[in-house]
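Here's the structure, in structure tokens; my notes come after.
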Amino acid sequence: MEFNGMLDRFLEYVKIDTQSDESSESFPSTDTQLGLAKRLVKDLKKIGLKDASVNKWGYVLATLDSNVNEKRPTIALIAHMDTAPDMSGNGVVPIITKDYNGQDIVLSKKDNIILTVKENPYLLEKKGQTIITTSGNTLLGADNKAGIVEIFAALEYMIANPEIPHPKIRVLFTPDEEIGKGVDNITKEEIDADFAYTIDGGKLGEIEDETFCADSADIIITGVNVHPGYAKDKLLNAVKIAADIVEQFPKDVMSPETTENREGYIHPYSISGFAEKCSIKVLVRDFDEDGLKAKEDYLQKLVNTMSKKYPKASIGLKISESYRNMKVILDKYPEVKEIAVKAIEKAGIKPIKSIIRGGTDGARLSFMELPTPNLFTGGINFHSKYEWIVLEDMYKASEVIINLMKLW
């Protein structure tokens, strides 16, 4: 099953810079997301969803009414508009490699940036297909503009083929998912659905019903700043203390670069400040709350130890909840996942039941009593200049969405 126009729509959307900004106090965190939101409303109306709108918070909502007589659950299809702060999304230049030959793909000859088969052996499974990559200087934006265009393609197909039965479908495109705020300003009542699916996963066939439990930690160091020319026995440099704290973090265990599968981690990802005051931002992740608590206890002990080492400094730890493992909720509604597995199988794909070493809007929505597992987009290496996606896998994602609606 092919979907005319999907590639062109994807190429258009990824060129729109919608990077979110964790330091912003506005919502959405960047105005560029509102630009895409307005474009999506226009495009949704163009394909026939006349009620499409964007609200003051930047959420795009639309409805495709049911075409069956009996009452069925309303299903929401969800994707996010923003791209990750980790890598620039400005000036995206997609490279299209048709009939892929199984060799390394040069992204930038000038900068010697190469997508290698050695580091990406999954490429070999995609010989003969169409690979879309970055040009080596930005991320691609398949996370999650692939999900957006896959939802579009499925909707267009169902509208053009009204004999395909489907329930009432609610469409939701969210801002700021990448900074953990994707559902901060929307309610289940506004979404107006019984169950939902985020189209925000990776490899072909993946279905995910489990996320990390996630918290954010801030270690805040207050030192004593004086003129460096007269600082002897007076200066207490918060930047140096911060560096010393980071040096104490585990290196061979409990860090992203040394963990996999169900192993959690603590991850210092940002240091900011000056000699007088400095902060370290840390991601805390585990698949259960006991593991999360143990890691936060580790951080507190580290802070206590460093406070004794630097008694004249003030070193504090602040923990903020991000999201919890959605499996706790989804296990109460097994049919949501079971129907998705059947939809994948009907597309001729072997379902891959996997866990998310991260989170989606679906994690928080599930705890808002809107059970929301996550389905694949076909994208690989998200948040990276090595991000890539397979066009044929995108077609399959849309086919799965159509199958899903038939089954519901």
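The values are calculated or read from the model by the stated rules, or taken from the named source; none is laboratory data. Since the model is a prediction, treat every value here as computed from it, not as a measurement. Neighbour counts run over all protein chains shown; Cβ positions are idealised from the backbone, glycine included. To get the accessible areas, we keep the full protein, side chains included, count just its heavy atoms, and leave off ligands, DNA and RNA. Shrake-Rupley method; radii C 1.70, N 1.55, O 1.52, S 1.80 Å.
Tell me, which strands (runs of 3 or more DSSP E) wholly within region 97-214 include 1 or more residues that are surrounded by 16 or more Cβ atoms within 10 Å (Cβ to Cβ) and of a type in the set (Phe, Trp, Tyr)?
The strands (runs of 3 or more DSSP E) meeting that bar are 169-174, 195-201.
Could you give every pair whose Cβ atoms fall below 6 Å, whose first residue belongs to region 218-239 and is more than 12 Å from Glu276 (Cα to Cα), and whose second residue is open to solvent by less than 40 Å² (accessible area, probe 1.4 Å), counting only separations of at least 6 or pairs across chains?
What qualifies is Asp218/Ser279; Ile219/Ile280.
Residues to consider are Pro28, Pro73; find the one that is under 17 Å from Asn144 (Cβ atoms) and outside any strand (DSSP E or B).
Answer to the selection: Pro28.
Only residues that are loosely packed, with under 13 Cβ neighbours inside 10 Å and of a type outside the set (Lys, Arg): list them for region 251-268, please.
Of all residues in region 251-268, those loosely packed, with under 13 Cβ neighbours inside 10 Å come to 251-253, 257-258, 260-261.
Listed by number, the residues that qualify are Asp252, Val253, Glu257, Thr258, Glu260, Asn261.
Just checking, how many residues over region 47-66 are open to solvent by less than 20 Å² (accessible area, probe 1.4 Å), under 29 Å from Glu335 (Cα atoms) and not hydrophobic (A, V, I, L, M, F, W, C)?
The number of residues fulfilling the criteria is 1.
Name the pairs: first residue in region 25-45 and touching a residue at least 40 places away in the same chain (Cβ under 8 Å) and among the small types (Gly, Ala, Ser), second residue open to solvent by 10 Å² or more (accessible area, probe 1.4 Å) and part of a loop (DSSP other than H, G, I, E, B), Cβ to Cβ under 6 Å, at least 6 apart or on different chains?
Here the result reads Ser29/Asp21, each pair linking region 25-45 to a residue that is open to solvent by 10 Å² or more (accessible area, probe 1.4 Å) and part of a loop (DSSP other than H, G, I, E, B).
Condition first: crowded, with 18+ Cβ neighbours inside 10 Å and more than 21 Å from Phe382 (Cβ to Cβ). Now tell me which residues in region 72-84 satisfy that.
Matches in region 72-84: Thr74, Ile75, Ala76.
Inspect all residues belonging to region 38-46 and state whether any of them is open to solvent by less than 50 Å² (accessible area, probe 1.4 Å) and either basic (Lys, Arg) or under 30 Å from Ser270 (Cα atoms) (or both).
Scanning region 38-46 turns up no residue that is open to solvent by less than 50 Å² (accessible area, probe 1.4 Å) and either basic (Lys, Arg) or under 30 Å from Ser270 (Cα atoms) (or both).
Any residue in region 357-383 that's closer than 23 Å to Asp192 by Cα: show its pairings with residues that are open to solvent by less than 20 Å² (accessible area, probe 1.4 Å) and of a type in the set (Phe, Trp, Tyr) at Cβ separation under 8 Å, as long as the two are six or more apart or on different chains.
Listed by first residue and then by second, the contacts come to Gly359/Phe212; Gly362/Tyr197; Thr372/Tyr197; Pro373/Tyr197; Asn374/Tyr197; Leu375/Tyr197.
Residue pairs, Cβ under 6 Å, 6 or more apart or interchain, first in region 252-270 and more than 17 Å from Arg324 (Cα to Cα), second of a type in the set (Val, Ile, Thr) and surrounded by 15 or more Cβ atoms within 10 Å (Cβ to Cβ). List them.
Partner pairs satisfying both residue conditions: Met254/Ile266; Pro268/Ile280; Pro268/Val282.
With the checklist (1) modelled with pLDDT of 95 or more; (2) in contact with a helix residue (DSSP H, G or I) (Cβ under 7 Å, 6 or more places away or on another chain); (3) surrounded by fewer than 18 Cβ atoms within 10 Å (Cβ to Cβ); (4) of a type outside the set (A, V, I, L, M) in hand, flag the one item Glu22 doesn't pass.
(1)
Would you pick out the residues in region 85-96 that are assigned to a loop (DSSP other than H, G, I, E, B), closer than 20 Å to Gln129 by Cα and either in contact with a helix residue (DSSP H, G or I) (Cβ under 7 Å, 6 or more places away or on another chain) or open to solvent by less than 50 Å² (accessible area, probe 1.4 Å) (or both)?
Pro94, the sole residue that qualifies.
Only one residue in Asn4, Asn69 is farther than 30 Å from Tyr333 by Cα and exposed (fewer than 13 other Cβ atoms within 10 Å of the Cβ). Which one?
Asn4
Take Asp233 and tell me if it is open to solvent by 30 Å² or more (accessible area, probe 1.4 Å), acidic (Asp, Glu) and part of a loop (DSSP other than H, G, I, E, B).
Criteria met by Asp233.
Show the residue pairs that are 6+ apart or on different chains and have beta-carbon atoms under 6 Å apart, the first residue being within region 112-131 and touching a residue at least 12 places away in the same chain (Cβ under 8 Å), the second being of a type in the set (Phe, Trp, Tyr) and open to solvent by 20 Å² or more (accessible area, probe 1.4 Å).
Every condition considered, the pairs that remain are Leu115/Tyr386.
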